[in-house]
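The values are calculated or read from the model by the stated rules, or taken from the named source; none is laboratory data. Every value quoted in this text rests on a predicted model; they were computed, and no experiment measured them. Reconstructed Cβ throughout: ideal geometry from the backbone, glycine too, with neighbour counts over all protein chains shown.
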Amino acid sequence: MNSIYKKIEFDFEDIINLKSTNHQQTFVIKGSDRQFNYNTNFTIIKRVDFDNLLWKQLSDKNIPKFEGVGIKKIIETKTGYELIGELKENKSKITVEAKYIIAADGYSSYIRRSFFKNLKFNHRIASRYYYNPKTKINFPTSIIFDDEIIPGYFWAFQMDNNIYNTGVYLAENNDQNIYEMHNYFMQKYFSHILPKKEFSTWSIPYNTDFSKLARQNIILTGDAAGLCDKMFGHGIDNAIISGYLAIESICKLEEKENTYSLSEIYRYKLSQYLLETLSNAEKTYETVKNNKLDFLGTLETIIKQTI
């Protein structure tokens, strides 16, 4: 695993100079009966700025790039695929030929729906709202496991200029209205009514069956492959890792002595690097969901192993 993470490098000056960056040393995990404070260095960045950092990494390479293109059609050819796209800026058409396709187009993946029509994932739901209090407040970056939504949680991450990234992560099959639940927490902790117009939701897929994530010369990665943590709902790290593994799988396939299919190679690599992490998260989730035993004690053990 460490060899994969060592490949993910950023210029720290780029992170420091981001206006949205907030460098912190303490975050809090709270339950109904206790809380834990963790002292460790970490950085909170807006997702759009993190994506731009990734794009900058790509921009430094001599690789053809097409920004602001929506894929409209993919045609299989004798040598691979023909991708027909449309520039969002002026609606002009663009055509690209490729031998391989690595799908990194999210939970509602057009590529998965087009070429893996029977592949569906269970999912949970999360919400987000950027709260900008009128006066300076001192609320620590927190993850709060309230009895109302365990094994889900409410989060509040302090960003730049006293802005808080707040959200709710709900367990599967939870019949509670996520807006009402998010609004409940905003009023409980910030005495603030959640405006519906500034509130957004999205689906978080989870999957530990890696046997159907590649076919012919197409590989699914990240959310398109359902590679999210069932316990905590995160997936950015898994998405980046799966991207590297997809490249390594293609390189292995191109070796003359190789006798395995792309699906077999990719499944093996995902199992080697991600299966234990995702399976353990699923086991923890099911334990908490069914028993709600010493949840925070279990969680504290997991976090101490991580940081």
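Ile125 versus (1) among the hydrophobic types (A, V, I, L, M, F, W, C); (2) touching a residue at least 40 places away in the same chain (Cβ under 8 Å); (3) under 19 Å from Phe42 (Cα atoms): which is the lone unmet condition?
(3)
Can you confirm whether Ile143 is surrounded by 13 or more Cβ atoms within 10 Å (Cβ to Cβ), modelled with pLDDT under 90 and in the same structural domain as Cys251 (by TED's automatic domain parsing)? Steps first, answer last, please.
Working: surrounded by 13 or more Cβ atoms within 10 Å (Cβ to Cβ): yes; modelled with pLDDT under 90: yes; in the same structural domain as Cys251 (by TED's automatic domain parsing): yes.
It is true that Ile143 is surrounded by 13 or more Cβ atoms within 10 Å (Cβ to Cβ), modelled with pLDDT under 90 and in the same structural domain as Cys251 (by TED's automatic domain parsing).
Quick check on this structure: which one of Glu67, Glu97 is modelled with pLDDT under 95, of a type in the set (Asp, Glu) and within 25 Å of the chain's Cα centre (by Cα)? Steps first, please.
Working: Glu97 fails: within 25 Å of the chain's Cα centre (by Cα).
Exactly one of Glu67, Glu97 is modelled with pLDDT under 95, of a type in the set (Asp, Glu) and within 25 Å of the chain's Cα centre (by Cα), namely Glu67.
Can you name every residue in the stretch 241-256 that is in contact (Cβ under 8 Å) with a residue 60 or more places away in the chain, touching a helix residue (DSSP H, G or I) at 6+ places or on another chain (Cβ under 8 Å) and surrounded by fewer than 19 Cβ atoms within 10 Å (Cβ to Cβ)?
Once the filter is applied, which keeps residues that are in contact (Cβ under 8 Å) with a residue 60 or more places away in the chain, touching a helix residue (DSSP H, G or I) at 6+ places or on another chain (Cβ under 8 Å) and surrounded by fewer than 19 Cβ atoms within 10 Å (Cβ to Cβ), the stretch 241-256 yields Gly243, Tyr244, Ile250.
Rundown of residues vs (1) farther than 19 Å from Ile111 by Cα; (2) among the polar types (S, T, N, Q); (3) not assigned by TED's automatic domain parsing to the domain that holds Arg47, yes/no style:
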| site | (1), (2), (3) |
| --- | --- |
| Tyr189 | yes, no, no |
| Ile193 | yes, no, no |
| Pro205 | no, no, no |
| Asn217 | no, yes, no |
| Phe232 | yes, no, no |
| Asp237 | yes, no, no |
| Gly243 | no, no, no |
| Ala246 | no, no, no |
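Can you find a residue that is in a helix (DSSP H, G or I) and free of Cβ contacts under 8 Å to residues at least 12 places away in the same chain anywhere in the stretch 214-236? Full working, then the answer.
The first filter runs over the stretch 214-236 and keeps only residues in a helix (DSSP H, G or I), leaving 222-225, 236.
Next cut, free of Cβ contacts under 8 Å to residues at least 12 places away in the same chain only: none.
Looking through the stretch 214-236, none of the residues is in a helix (DSSP H, G or I) and free of Cβ contacts under 8 Å to residues at least 12 places away in the same chain.
For the stretch 137-164, what are the residues that are in a strand (DSSP E or B) and over 14 Å from Phe27 (Cα atoms)?
Start the filter on the stretch 137-164 by keeping residues that are in a strand (DSSP E or B), which leaves 142-144, 153-158, 164.
The one that is in a strand (DSSP E or B) and over 14 Å from Phe27 (Cα atoms): Tyr153.
Please work out which residue is farthest from Phe185 (Cα to Cα), limiting yourself to the stretch 94-129 and to residues that are touching a Phe, Trp or Tyr at 6+ places or on another chain (Cβ under 8 Å) and among the polar types (S, T, N, Q).
This residue is Asn122.
Taking the stretch 155-181 as the region of interest, how many residues are over 17 Å from the mean Cα position of the chain (by Cα) and at pLDDT 90 or above?
So the answer is 6.
Look through the stretch 180-213, keep the residues that are in a loop (DSSP other than H, G, I, E, B) and hydroxyl-bearing (Ser, Thr, Tyr), and return whichever of them is surrounded by the fewest Cβ atoms within 10 Å (Cβ to Cβ).
First, pick out the residues of the stretch 180-213 that are in a loop (DSSP other than H, G, I, E, B): 191-195, 199, 207-213.
Going one step further and asking which of them are hydroxyl-bearing (Ser, Thr, Tyr), we end up with 191, 208, 211.
Numbers: Ser191: 8, Thr208: 16, Ser211: 11.
For the stretch 180-213, the residue satisfying everything is Ser191.
Kindly evaluate Glu86 against the criterion of being modelled with pLDDT of 95 or more, over 20 Å from Ser211 (Cβ atoms) and of a type outside the set (Gly, Ala, Ser).
no
State yes or no: is Leu253 in contact with a strand residue (DSSP E or B) (Cβ under 9 Å, 6 or more places away or on another chain) and hydrophobic (A, V, I, L, M, F, W, C)?
no
Would you be able to tell me the number of residues in the stretch 268-277 that are over 24 Å from Ile125 (Cα atoms) and either in contact with a helix residue (DSSP H, G or I) (Cβ under 9 Å, 6 or more places away or on another chain) or not in a helix (DSSP H, G or I) (or both)? Spell out the reasoning first.
Filtering the stretch 268-277 for residues over 24 Å from Ile125 (Cα atoms) gives 268-273.
Of the ones still in play, those that are also either in contact with a helix residue (DSSP H, G or I) (Cβ under 9 Å, 6 or more places away or on another chain) or not in a helix (DSSP H, G or I) (or both) are 268-270, 272-273.
Within the stretch 268-277, residues that are over 24 Å from Ile125 (Cα atoms) and either in contact with a helix residue (DSSP H, G or I) (Cβ under 9 Å, 6 or more places away or on another chain) or not in a helix (DSSP H, G or I) (or both) number 5.
Out of the stretch 165-179, which residues are in contact (Cβ under 8 Å) with a residue 24 or more places away in the chain and assigned to a loop (DSSP other than H, G, I, E, B)? Before the answer, list the steps.
As a first pass, look at the stretch 165-179 and keep what is in contact (Cβ under 8 Å) with a residue 24 or more places away in the chain: 165-172, 174, 176, 178-179.
The answer is Ala171, Glu172, Asn174, Gln176.
Residue under question is Tyr110, and the condition is that it be within 20 Å of Ala239 (Cβ to Cβ) and in the same structural domain as Gly152 (by TED's automatic domain parsing); does it hold?
Working: within 20 Å of Ala239 (Cβ to Cβ): yes; in the same structural domain as Gly152 (by TED's automatic domain parsing): yes.
Considered against the rule, which asks whether it is within 20 Å of Ala239 (Cβ to Cβ) and in the same structural domain as Gly152 (by TED's automatic domain parsing), Tyr110 comes out as yes.
Can you tell which of Tyr285, Tyr266 is assigned by TED's automatic domain parsing to the domain that holds Met181, modelled with pLDDT of 90 or more, crowded, with 18+ Cβ neighbours inside 10 Å and of a type in the set (Phe, Trp, Tyr)? Lay out the reasoning, then the answer.
Numbers: Tyr285 fails: modelled with pLDDT of 90 or more.
Selected residue: Tyr266, the only one of Tyr285, Tyr266 that is assigned by TED's automatic domain parsing to the domain that holds Met181, modelled with pLDDT of 90 or more, crowded, with 18+ Cβ neighbours inside 10 Å and of a type in the set (Phe, Trp, Tyr).
Is it the case, given these coordinates, that Asn62 is surrounded by 14 or more Cβ atoms within 10 Å (Cβ to Cβ) and at pLDDT below 90?
Numbers: surrounded by 14 or more Cβ atoms within 10 Å (Cβ to Cβ): no; at pLDDT below 90: yes.
Judged against the criteria, Asn62 is not a match.
Name every residue in the stretch 59-96 that is β-branched (Val, Ile, Thr), assigned to a strand (DSSP E or B) and closer than 17 Å to Phe115 by Cα, in order of residue number. So that I can check it myself, show each step before the final result.
First, the residues of the stretch 59-96 that are β-branched (Val, Ile, Thr): 63, 69, 71, 74-75, 77, 79, 84, 94-96.
Next cut, assigned to a strand (DSSP E or B) only: 69, 71, 74-75, 84, 94-96.
If the condition is that a residue be β-branched (Val, Ile, Thr), assigned to a strand (DSSP E or B) and closer than 17 Å to Phe115 by Cα, then Ile71, Ile74, Ile75, Ile84 are the ones that fit.
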